[in-house]
Amino acid sequence: MTPIIQTIEAVDRPPSASGAGRTIARFSVQVGDVRVNGLLLREYPNGTRRTVSGNIGGHHAVTFRPEIAEKITAAASIALQGGQLAKTSSRQTS
């Protein structure tokens, strides 16, 4: 499945500890029939990036298999740099 970045917003949050990643974006992604909101794109001092979810009770609310996580991180990085975002349409109700 190809992840589709729905929304992305650049943020600049300093790392919480020395050597930790700094949050550079908040975004939502759709993978298949599932949409996940509130993901964070983190960048580490060595230049690598990683996608993480928010915490609930000290645990990540959502986790992904490594190969899916890599695809999501790559798609978010491209979208953050002005790449492709999903085209969304508003729904009208009668």
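Before moving on, here are some points about what is shown:
- Yes/no for residue 62 being surrounded by fewer than 17 Cβ atoms within 10 Å (Cβ to Cβ), without any contact (Cβ under 8 Å) to a residue 12 or more places away in the chain and either farther than 17 Å from residue 16 by Cα or in contact with a helix residue (DSSP H, G or I) (Cβ under 9 Å, 6 or more places away or on another chain) (or both): no
- Segment 29-51, residues that are in contact (Cβ under 8 Å) with a residue 24 or more places away in the chain, out of contact with any Pro (no Cβ under 9 Å at 6 or more places or on another chain) and of a type in the set (Val, Ile, Thr): 36, 51
Since every read-out is calculated from the coordinates, none of them should be taken as a lab result. Source: prediction; values computed, not measured. In this analysis, Cβ positions are derived from the backbone assuming ideal geometry, glycine residues included, and neighbour counts consider all displayed protein chains.
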